[in-house]
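The structure under discussion appears below in the form of structure tokens.
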Amino acid sequence: MVTRGQIGEFERLLEGQGFVRIHRSFLVAIGHVTAYSASAVEVGGVELPVGRGYRARFDGSPTGFMAGQD
């Protein structure tokens, strides 16, 4: 979905609902991730980068990413 608005606002609205921020430009629904590594995730056949600032919280698995959130 493409939308207008600040991603931080959407991140706060979706907190605790299975969405995680992986990049300054991307929020993803963990349930739709089909492949992942420390540097990228695949959602709906599209590979999205995991930003450097988000990699530190990410151990290479969606559950690890979720556990790294506050």
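The values are calculated or read from the model by the stated rules, or taken from the named source; none is laboratory data. Values in this document were obtained by computation on a predicted structure and should not be read as measured data. Methodologically, a virtual Cβ is constructed for each residue, glycine included, from the backbone with ideal geometry; neighbour enumeration extends over all protein chains shown. The area values use the complete protein model at the heavy-atom level, side chains included, leaving out ligands, DNA and RNA. Shrake-Rupley method; radii C 1.70, N 1.55, O 1.52, S 1.80 Å.
Return yes or no: is residue 2 without any contact (Cβ under 8 Å) to a residue 40 or more places away in the chain, β-branched (Val, Ile, Thr) and open to solvent by less than 60 Å² (accessible area, probe 1.4 Å)? Criteria not met by residue 2.
Scanning the stretch 5-40 for residues that are free of Cβ contacts under 8 Å to residues at least 12 places away in the same chain and among the polar types (S, T, N, Q) yields 6, 17, 34.
Among the residues of the stretch 27-36, the one identified as surrounded by 13 or more Cβ atoms within 10 Å (Cβ to Cβ) and small (Gly, Ala, Ser) is 29.
What pairs come out if I take residues in the stretch 42-57 that are farther than 10 Å from residue 28 by Cβ and pair them with residues that are open to solvent by less than 70 Å² (accessible area, probe 1.4 Å) whose C-beta lies under 6 Å away, six or more apart or interchain? If the second residue must be open to solvent by less than 70 Å² (accessible area, probe 1.4 Å), the pairs left are 47/40; 49/23; 49/40; 51/23; 54/22; 55/38; 57/68. Taken over the stretch 40-70, the residue count meeting the criterion of being in a loop (DSSP other than H, G, I, E, B), at pLDDT 85 or above and in contact with a helix residue (DSSP H, G or I) (Cβ under 7 Å, 6 or more places away or on another chain) is 1.
Test residue 3 against the criterion of being among the polar types (S, T, N, Q) and modelled with pLDDT of 85 or more, and give yes or no. Judged against the criteria, residue 3 is not a match.
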